[in-house]
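Before any comments, here is the structure.
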Amino acid sequence: MKQLYHIIVEEISHSIKKYVKQIEKVTFPKQGCTSDVGILHTAKGKYVLKRTKGEKYRKWLYREYYVLKNIRALADFQSPSAYKFVQTAVIG
């Protein structure tokens with residue numbers, strides 16, 4: 001089983017921090033095995049942050065982002081909004 005890690009505020013991309021503004025706390029729901037998930041609690045509301053490592057899971061996460069970003073175009077269909085997909089270079 002894949003080892004899951006909590007997301008710490010210092011690891012969050014600057015562009016995401018800039019968008020959500022002040023992060024008050026991060027909580028961690030029960031989750032699956034392909035990504036690390038954190039809920040950012042901010043003055044603007046709650047945001048779900050998902051992080052994955054490795055090419056295979058990155059592609060899966062990007063597909064999920066793409067679907068969420070585009071599904072809202074369907075009439076009478078409610079879904080969460082996808083705001084941003086950030087890919088950073090792997091160090092090490």
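Rolling a 1.4 Å probe across all protein chains gives Glu64 an accessible area of roughly 80 Å². A helix-only calculation puts the chain at -8000 deg cm²/dmol for mean residue ellipticity at 222 nm, using -39500 (n - 2.57) for each DSSP H run of at least four residues, averaged over all residues. Residue order by solvent-accessible surface for His6, His14, His41 is His14, His6, His41, largest first, with ligands and nucleic acids left out and a 1.4 Å probe. The phi torsions of the stretch 34-48, fed into the Karplus equation with coefficients 6.51, -1.76 and 1.60 and a -60° offset, translate into couplings of 10, 7, 8, 10, x, 9, 8, 9, 10, 5, 7, x, 9, 10, 9 Hz, rounded to whole numbers, with Gly and Pro shown as x.
In this structure, the pairs whose alpha-carbon distance is over 20 Å, taken from Lys21/Lys46; Lys30/Lys84; Lys17/Lys46; Lys21/Lys59, are Lys30/Lys84; Lys21/Lys59. Only protein atoms count toward the accessible area here, which uses a 1.4 Å probe; on the chain, the carbon and sulfur part of that area reaches 56 percent. Once the 1.4 Å probe is applied to the protein heavy atoms, the chain comes out at 78 Å² accessible per residue.
Ordering Val67, Val86, Val37 by accessible surface, largest first, gives Val67, Val86, Val37; the 1.4 Å probe counts only protein heavy atoms, with every chain in place. Under the combined filter of DSSP loop state and at most 14 neighbouring Cβ atoms within 10 Å, the stretch 1-82 retains these trypsin sites (Lys or Arg not before Pro): Lys2, Lys21, Lys30, Lys44, Lys53, Arg72.
Exposure check, 1.4 Å probe, all protein chains in place: Ile8 carries approximately 90 Å² of accessible surface. Could you check which residue among Tyr47, Tyr65, Tyr19 shows the biggest mean-square fluctuation in a GNM of the chain with a 10 Å Cα cutoff? Fluctuation is largest for Tyr19.
The values are calculated or read from the model by the stated rules, or taken from the named source; none is laboratory data. These numbers come from a predicted model, not from an experiment. Note that we place each Cβ from the backbone using ideal geometry, even for glycine, and neighbour counts take in every protein chain shown. Side chains included, ligands, DNA and RNA excluded: accessible areas come from the protein's heavy atoms. Shrake-Rupley method; radii C 1.70, N 1.55, O 1.52, S 1.80 Å.
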